[in-house]
Structures are given as structure tokens and as C-alpha cells.
1. I'd like to verify a number: residues in the range A:427-463 that are without any contact (Cβ under 8 Å) to a residue 40 or more places away in the chain and not hydrophobic (A, V, I, L, M, F, W, C), how many?
2. Please verify whether A:Phe129 is in contact (Cβ under 8 Å) with a residue 60 or more places away in the chain and part of a helix (DSSP H, G or I), treating the condition exactly as stated.
3. Check whether at least one residue in the range B:269-291 is touching a strand residue (DSSP E or B) at 6+ places or on another chain (Cβ under 7 Å), in contact (Cβ under 8 Å) with a residue 60 or more places away in the chain and small (Gly, Ala, Ser), and report yes or no.
4. Kindly indicate which of B:Ala135, B:Ala130 is in contact with a strand residue (DSSP E or B) (Cβ under 8 Å, 6 or more places away or on another chain), surrounded by fewer than 24 Cβ atoms within 10 Å (Cβ to Cβ), hydrophobic (A, V, I, L, M, F, W, C) and not in a helix (DSSP H, G or I).
5. Mind counting the residues in the range A:268-321 that are closer than 17 Å to A:Asn446 by Cα and of a type in the set (Gly, Ala, Ser)?
6. Test B:Asp17 against the stated conditions and say whether it is closer than 21 Å to A:Val303 by Cβ, at pLDDT below 95 and charged (D, E, K, R).
Amino acid sequence: MAAWEYAPAPESAATGRLQPSYRMFLGGEFVDGSGEPLKTLNPATEEVLAEVSTANPSDIDDAVAAARNAYEQVWGPMPGVERAKYLFRIARMMAERSRELAVLETLDNGKPIRESRDTDIPLAGAHFFYHAGWADKLGYAGYGPDPKPLGVVGSVIPWNFPLLMAAWKIAPALAAGNTIVLKPAETTPLTALVLAEICQQAGLPPGVVNVLPGAGDVGAALVGHPGLDKVAFTGSTDVGKQIQRTLAGTGRGLTLELGGKAANIVYDDAALDQAVEGVVNGIFFNQGHVCCAGSRLLVQESVAEELIELLQARISTLRIGDPLDKNTDVGAINSRAQLEKITELTAAGETEGATRWTSPCPVPQRGLFFPPTLFTGVEQSMRIAREEIFGPVLSVLTFRTPDEAVAKANDTRYGLSAGIWTEKGSRMLWTAQRLRAGVVWENTFNRFDPTAPFGGYKESGFGREGGRAGLEAYLAH
Amino acid sequence: MTSTVAAPQLPAELSLDVAQATTDEASLRRFLRGLPGVDAVGLELRAATLATRSIKRASKVHAIDTAISMIDLTTLEGADTPGRVRALCAKARQPDRERPDTPQVAAVCVYPDLAAQAVQLLRGTGIHVAAVATAFPSGRSSREIKLADTELAVAAGASEVDMVIDRAAFLTGSYGRVFDEIVAVKAACGTGENRAHLKVILETGELGSYDDVRRASWLALLAGADMIKTSTGKISPAATLPVAHVMLQALRDWYRRTGEYRGVKAAGGIRTTKEAIRFLVAVHEVAGEQWLTPDLFRFGASSLLGDLLLQRRTQLEGHYASPDQIGDL
């Protein structure tokens, strides 16, 4: 019988309702920014999607002033039960426009539509629903009987989960009674601006949410603005350190969610087929553009050979290509700069003596793509075992004993997440207790939920997002 | 083990652990208990994710034709009559009268007493006749009765035998008994070119855990099953996607260790084209495209064929067809 090829099954790009130009959202209105407009690209084709206005320092002043005014006049004094209504409304409107948001996210970011449709957008909505529920119950969150908001929050978010990260910042800030000025990443500003439109249509009072697109200079000006009470940043460790230096001694609140180099530990008694799935999901989900990606596989030597064989077979079935195709598993790398970084680090892996294996899957000729890649024979000292690659590249290391697994897993400057695969509960708990990582997944990986706090140890940052613990960063107590 | 029947000839390039698994009851037990576990949450998540594959246009037509050619068109009712079998065989030969390019099904599946009639009606068509045997569906009888049942089917000319495992023996850990029974039934299927192919029904709905589905799959493969089959169709749940994943993984691993292809039959509960395509995607991506052939994958179904024919016409004619045009059996 002839080979069975899946016909292209693209989601219609028109669903994304892409506009030729987008404007910043300031004080409840969409306005032209005073900065030089930026062009955002579709990473799958490198074609320009839209022109987007950017902020200059005076726009930032205006936005912070608008947020301050909204905080003092409307949002801060508003009873929690009333704030909740707005958040519920935003959540419902996100659900109503979920297909549009998913397509737009995929166009702008390059991630597969399956992921934006089934993960990013539903989770972003879930964050609003979840925090809407807290708005009138903050007195029961464990931060005193009547915790107060902090004031104006400044937030800078990355390009890997554009809408989801916006939701992670805006939902808890608003639930707690703060107002916010948000800067989306320069390569992925679109869905945050649609979220701003949803806020407008939901009747959210002007100034409560402001979205100012721009590059790193806008971000730096925003987080250093003296009119803020708190800064929430998700992004690279280097930038996080700069922000921490800027804010030192100012008394302003700060939470940082930074890089990672997570270990996925597979013991020899693991459910191997599911471990393979978890490892694949851990590193190839969102092209590996995930701060908590399981980029280091630590496998017990007695099953290493079999696991790697299964893993290569499974990775070979991953479909890389048009992100809008519903059958695409691995989409486009978000930017040329990121693609170059991945290329450079993988070359270093070979130079340092690791063995490179590349999935035989066909890779599109046009656009920014990088095939799923696996390195075996990796040692702790190599760059591919130490540095965050932020791409579809897995480094495989082996261990002999649980002690060695824990030592290797913790031998990193990061500590955001980790995974443990074993069918033995006691070994699972023993390992989890010893891993220095903010999130430890057991027999699963990359599972997110608004009720579960997320955040790091060491150079992966501080503060938690989600759950009761995540509220703490937005409340004075 | 106690069987007086010779154990099945295992392939030469067998890896050591498989070769030694069947030397005695303790080895068999050790081997089956030593298989990697199955994490239910991860398995079901993977099955659900793979079920979101979107199969359109030419790939859908191809999938529909493939699915039709993999059907064991089944009737297993107390009320089955020669007339019913005649209708079934006619449908098997020519599923869609108005579209003679429609593929034939792989086999018809009946009780042993009706096999002879089906064999006669299908002679020269290339369509196999499968007969259920071994006190189907419960498997509750003596070894003698089960073997006699098998011999009846084979004597009637059935080229495929669908047997049930002794679930009671399996669930009490008497793996050797289950093994011996499969070996004995296989021997009763004949030898040489004309031997009947043996499908071993695990009745996964009664096994209770995916770990046990994996053990039962390996047990049947070790005992010489040509195909492992999910269900009798008399118990719910019958063929589910996660169960199919576990069984397909067993085939894949069997091939990795022995270089030999064995098959899976998903039977019971699959009624729509959409569901059938999800199974084909699982075959394609869990085991591999080599398994996408009627020799290595079957659907045990009765009503599925009607929906496949409707969807086939929809794809080819560009509009929905009426079930009246397709007809029942």
C-alpha cells in the first residue's frame, strides 16, 4: 500500500484578523507612540506581519501617570467583588476570541497552532478566571485580614508565550487591586495589544491596563521608572540582573522569572514510553523556547541505550513545518538572532566532543527553522550542558546512582524546574526533596496550571507566579 | 511449563531475554513482571494529543480506503442466521454497490458453526473467514472444549481464528496456563502454509490496568499470536486509543527485539470514520507505517463500515450522502 502522507491542514490565517498596523494602549485609548514604529515578522516566512507603534520615555511617563491615576481614583478603592466582574468578563471575552488569538499568536511567534490553540490561549484565559476568584477573597489568602495593593506595576515579558505571560502579569496584579504598565517583547507584541482591546471592550476603567510595545530600551526605561511600586519581569538572567541592580535600594517590589537548564531525570524503573513522551514534550514543546524546558536529560546508565533508541524513533515522528498546520509539532524559531544563538551553541557542542544526532524529518527551506537535535556523550563541563540554548536541542547525560543524579541535576546556576521519572514513589519523593528547583514535575513535564505556583531558585529568579503564593508579590502585608 | 505441545518456533535473531522468557513458568513470570510499567496519565495524554491530528482531503480518502480494507466485518449474535451471513458476505465482497472501486474488507468474522457457509460464499474473493473460538466470549470452559471449538472452526475452512485468553488464569497470575492454552490453540490451527492465523483476544476491558495490557500482549506474542486483539466486543470499554497505544508499543518492541512483524486488531466500540482514523494515526505514529496493512492491523467492527462508506462518498462527491443510499448489511 502507498505511503500515507497527511495532507496540509492549515488553520486559516484570516482568523487572526491581522491588521496592517497596531497602536499602543495608553490610558484606555489606542494612541500613536512617539517612538520609532517597529515591524513584527512572521518567523515562518520572515515576512512583515504588521507595523507597531513603540513608546518613548514621555509615553512611559504618561502611561505610569495614567496607571497611577486609575489606581488612586478607581481601581484601588474599588471593592474586590467589582474588580472580579471585570476579570471574569475579560476571561470570557478571551474564550470567545480564542481562535483569533491562537492564530495571531502563531503568526507572530511561530509556535504550532496546536499549542497556541490547546495550551497558550486556554491557559491565559484560565489565569484570568482563577484570579477573578481571588479578587474578593484576598483576606483569606493568608496575608493578613485586609491586604492592600501595592500601586502601579511595571512589567516586561518575553516572546516565548506572549499572551500567556501577559495574563500571568496582568491577572494577579489586577485581582489584588494594582494597575499595570506592560511591555510585550518587540518580536511578539500583537496578542498583548488584542488583549488590550479586550480590556477596552470589557469596559475596564482607563489606565488600569496599559500596553507599551518597544525594544529593550523601552523595557529598561519602564522598569527603572520612579513612579512604579513594583516590577515583575520574565526573561533572560542577564537582563534580570540588570533590573535587580537598577532597583536595588529603591524599595520597590521585584519578582524575576529568568532562565533555566532543567534536568529530566529518568530512573531505570521508569515507565519508559511515557518518559520518552515527557522528555520530548519537555524539550520540543514550543521549539524549546521555554524557560523551564527539560534541556538536560539525565538517564540511568542501565536504560540509557534503550531510552535513546526509543527517543530517536519518537523524535523522528515529530513534524516540523508551517506553524498554522494543525499537524505541525515543531514550529518556527522566533527570530533570526535566536536561530543564530542555537546554531552557535550546537556547533560548540560538536567542537567540545558531544555526538550530534539530528531528526531526519524534512525541514522547510524558507523561514526560521531548526530541526530537533539530540546530543549524546555530553559532559557537565560542556557549554550545551551549562548554558540555556532556548531551542529544540536536548543534551543527554547519564548517571549511575540516585545521588549522582541529584548532584548532576543541581550542578547548574539555574533552578527553575526539574522532572523525575520513576514508578517508585519513595525514590520520587527522595529525589524531589533534594532538587534545588522551583517546580519539580513527577512523571510528567511542562504542565501548567494557574493554581500551581511557578518560579525559580538561584539564577532562575525569585518570587512565584500563580496560586496563593503568587498573590504575595502583588500585596502589601 | 506443562504443555505437551511444542512451544512456538521463535525467530533466530531473538534477543536473549525474550528467548529465555518461556523456558519455565518462573522465567515467564519474571519476564512479564520485569516489563517497564505504563504511566496511565502520560499514556492517556499522549493518546488524546495524537487524536487531534487533522486528516483532510487526499489523506482522508486514503485513510478511509485503508480502513475499509482492514475491516473484519463481524456478526456475533445469538440471532445470526444463514441469511444474515449471506448479507454480510455480499457486503464484504462489494461494500458500496454504486462504487465498485471501493476496496473489499479483509475478512468476515462469525461464530464457528457459520464459518463453513461464509467460506463457501467467499471462495475465490481473497476475503478471509475468521471464526471466534475457545468458548467465546467468556472463555469459560475446559481445555478440551476450547480445542474442539477451534478444530470445528478450522475444519469449516476458517483461515483465521479469534481466541479469547483465560482472564481468570491471567488475573490470578497463572501466566503459564494462559501461555499453554494459546500454544495449544495455535497447534490446533494447523501447520504449514494453510494454518489458520491466530488472533488472541486479551479482553482489555477486564484486565483493569495498562500494565496488565502490556503483560498480556507480551504473553500472547511469546505464545505465538499472529495478532493481539483488544476485545470481544461484548464488554465495555472495548477498543480504546490508550489500550491500542500499549498494544502497538508491544508490537514495535517485539519487532525491535526479534525482527518479526506481528499485528493488532482493535475490536468493539469503533463506529465512526473519525474514530477509525484516530486508530490509523496511532498505528502510523506509535508502531510505524509498516504496520498500516491489513496483514498487521484490523478493525473488528460491524457498523463502522457504513460510516466509512458514507464518508468516502462525501469525500469523492463533495456532498453528504444519505445512509439510505449505503444501506445496512
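The values are calculated or read from the model by the stated rules, or taken from the named source; none is laboratory data. Bear in mind the structure is a predicted one, so any value in this text is a computation, not a measurement. FYI the Cβ positions are ideal-geometry reconstructions off the backbone, even for glycines, and counts take in every protein chain you see.
1. The number of residues fulfilling the criteria is 7.
2. yes
3. Yes, some residue in the range B:269-291 is touching a strand residue (DSSP E or B) at 6+ places or on another chain (Cβ under 7 Å), in contact (Cβ under 8 Å) with a residue 60 or more places away in the chain and small (Gly, Ala, Ser).
4. Exactly one of B:Ala135, B:Ala130 is in contact with a strand residue (DSSP E or B) (Cβ under 8 Å, 6 or more places away or on another chain), surrounded by fewer than 24 Cβ atoms within 10 Å (Cβ to Cβ), hydrophobic (A, V, I, L, M, F, W, C) and not in a helix (DSSP H, G or I), namely B:Ala135.
5. 7
6. Numbers: closer than 21 Å to A:Val303 by Cβ: yes; at pLDDT below 95: yes; charged (D, E, K, R): yes.
The answer is yes for B:Asp17.
Conditions tested, residue by residue: (1) outside the structural domain of A:Pro323 (by TED's automatic domain parsing); (2) under 29 Å from A:Gly35 (Cα atoms); (3) touching a Ser or Thr at 6+ places or on another chain (Cβ under 8 Å).
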{"position": "A:Ala50", "(1), (2), (3)": "yes, yes, yes"}
{"position": "A:Pro57", "(1), (2), (3)": "yes, yes, no"}
{"position": "A:Ala65", "(1), (2), (3)": "yes, yes, no"}
{"position": "A:Tyr71", "(1), (2), (3)": "yes, yes, yes"}
{"position": "A:Leu87", "(1), (2), (3)": "yes, no, no"}
{"position": "A:Leu104", "(1), (2), (3)": "yes, yes, yes"}
{"position": "A:Gly154", "(1), (2), (3)": "yes, yes, no"}
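A quick yes/no check of all residues on (1) without any contact (Cβ under 8 Å) to a residue 24 or more places away in the chain; (2) more than 14 Å from chain B (Cβ to nearest Cβ):
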| position | (1), (2) |
| --- | --- |
| A:Glu5 | yes, no |
| A:Pro37 | yes, yes |
| A:Glu46 | no, yes |
| A:Val64 | no, yes |
| A:Ala67 | no, yes |
| A:Ala70 | no, yes |
